[in-house]
Amino acid sequence: MPLKPTVGRLFWKLLLALSLSMILSMVGTAAYLMLTNHPFPPPQPDGMPSLGYTPIVPLLSGLIAILVIGLALSWYLSRPLRHLRWALHRVAQGHLDTRISPLMGRRRDEIADLARDVDRMAEQLQLVVESRRVLLHDISHELRSPLTRIQAAIGLSRQDPELTEAMLLRIKNESERLDGLIEELLTLHRLEAGASVAPLERVDLIELLDDITEDADFEARATGRRVSTDAHGSFVVEVHGELIYRAFENVIRNAVKYSPPCGIVEVNVQVDSQTGALVIAVADRGPGVSPSLLEKIFEPFFRAEEGEQVHGVGLGLAIARRAMQMHNGSVTASPREGGGLLVKLILPSSQGASAPFE
């Protein structure tokens, strides 16, 4: 509940300031009349009560006006500030769902603007805290799963020595999975903290993409899949090479992972004729993603319904988005016409392209 409608120090300060200003204006008016030889006090009707030379009725009227206007204005200015103090106190106690704009009524001034800013701050804090809570839950789950399987493999190898070789292989695979997960988590943490994992370097992104797609195609052919590339020329920019490499590789490998057997992942590279930005489109013919999940797939640990042969921890696309955002770029997903998913990465030319795309 909001603070009780009691008055505070600011209220009395405002009331005193307003009262003094009005009293000084009356004193100034009297001084002006006296200095200009006007009769002071002005002539009064016979029988009007007075206090010395000062008529009581005008004096009381002025004092009442000062009091009423001072009280109203002081209350009008101090009340929303008390609401702001209450809201910030609630947020500091951890009640991040506190909102103050509804208490502002129809105000349209700087105080109301400040209240909306406080609400936006509380909303962002709530989103950050909630995302951290979900992230910690997902991390604990992802770490616990391979550890549980390692413990099970150790137990089985003790019960049946003939399974030792197979269980050692399982332990090796799960250890590699844990190592990869920890590496992905560290990369994501560095990206979200704004830390550079590598210095800026001049990189030809077309050449970099060729290397990534060549490696991805070589690995994909082992499962009957293919990766085709439509890219020519050069596009040299100053970027964090490791981050951009991870972003491109994660998106392309994710497309290969979800492609059906004998499927082809198409990588098309162009430069926007209006903005000069590099546009990389990665298209597959996999199961696709429903429109309601197109943004969620870029959240850490989010995975759509997968088949038994598809494995991963759900960090690849999250890292790709953070890496692109660090370079003032973007990565988006959309359904592909005819089935599948289209992921588009855009890197603006302001990154420092020194050679035109040919």
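Points to keep in mind about this one:
- Residues within the stretch 327-358 that are modelled with pLDDT under 85 and surrounded by 14 or more Cβ atoms within 10 Å (Cβ to Cβ), tallied: 4
- When the stretch 69-113 is filtered for residues that are part of a helix (DSSP H, G or I) and within 23 Å of VAL129 (Cα to Cα), the ones remaining, listed by number, are LEU84, ARG85, TRP86, ALA87, LEU88, HIS89, ARG90, VAL91, ALA92, SER101.
- Taken over the stretch 222-232, residues that are in contact (Cβ under 8 Å) with a residue 40 or more places away in the chain and open to solvent by 40 Å² or more (accessible area, probe 1.4 Å) amount to 3.
- Candidates ARG132, ARG149, ARG108, ARG144: the one that is out of contact with any Phe, Trp or Tyr (no Cβ under 8 Å at 6 or more places or on another chain) and either among the aliphatic types (A, V, I, L, M) or modelled with pLDDT of 80 or more (or both) is ARG149.
- Yes/no for LEU191 being at pLDDT 85 or above, open to solvent by less than 40 Å² (accessible area, probe 1.4 Å) and out of contact with any Asp or Glu (no Cβ under 7 Å at 6 or more places or on another chain): no
- As for the stretch 295-311, it holds at least one residue that is over 23 Å from GLY241 (Cβ atoms), in a helix (DSSP H, G or I), at pLDDT 80 or above and open to solvent by 60 Å² or more (accessible area, probe 1.4 Å).
- Comparison of GLU238, GLU219, GLU249 shows that the only residue that is assigned to a strand (DSSP E or B) and in contact (Cβ under 8 Å) with a residue 24 or more places away in the chain is GLU238.
- Of the residues making up the stretch 265-294, those that are among the charged types (D, E, K, R), in a loop (DSSP other than H, G, I, E, B) and open to solvent by 20 Å² or more (accessible area, probe 1.4 Å) are ASP272, ARG285.
- Selection of first residues in the stretch 252-264 that are on the phi < 0 side of the Ramachandran plot and in a loop (DSSP other than H, G, I, E, B) and of second residues that are open to solvent by 50 Å² or more (accessible area, probe 1.4 Å) and at pLDDT 90 or above, restricted to Cβ pairs under 9 Å at least 6 apart or on distinct chains, gives the following pairs, ordered by first then second residue: SER259/ARG226; SER259/ARG285; PRO260/ARG285; GLY263/ARG226; GLY263/ARG285.
- Candidates in the stretch 88-131 are the residues that are of a type in the set (S, T, N, Q) and either touching a residue at least 60 places away in the same chain (Cβ under 8 Å) or open to solvent by less than 80 Å² (accessible area, probe 1.4 Å) (or both); of these, the one that is farthest from PRO300 (Cα to Cα) is SER101.
The values are calculated or read from the model by the stated rules, or taken from the named source; none is laboratory data. The structure displayed is predicted, hence computed values, not measured ones. Cβ sites come from the backbone with ideal geometry, for glycine too, and all protein chains shown count toward neighbours. Note: areas computed on protein heavy atoms with side chains; ligands, DNA, RNA excluded. Shrake-Rupley method; radii C 1.70, N 1.55, O 1.52, S 1.80 Å.
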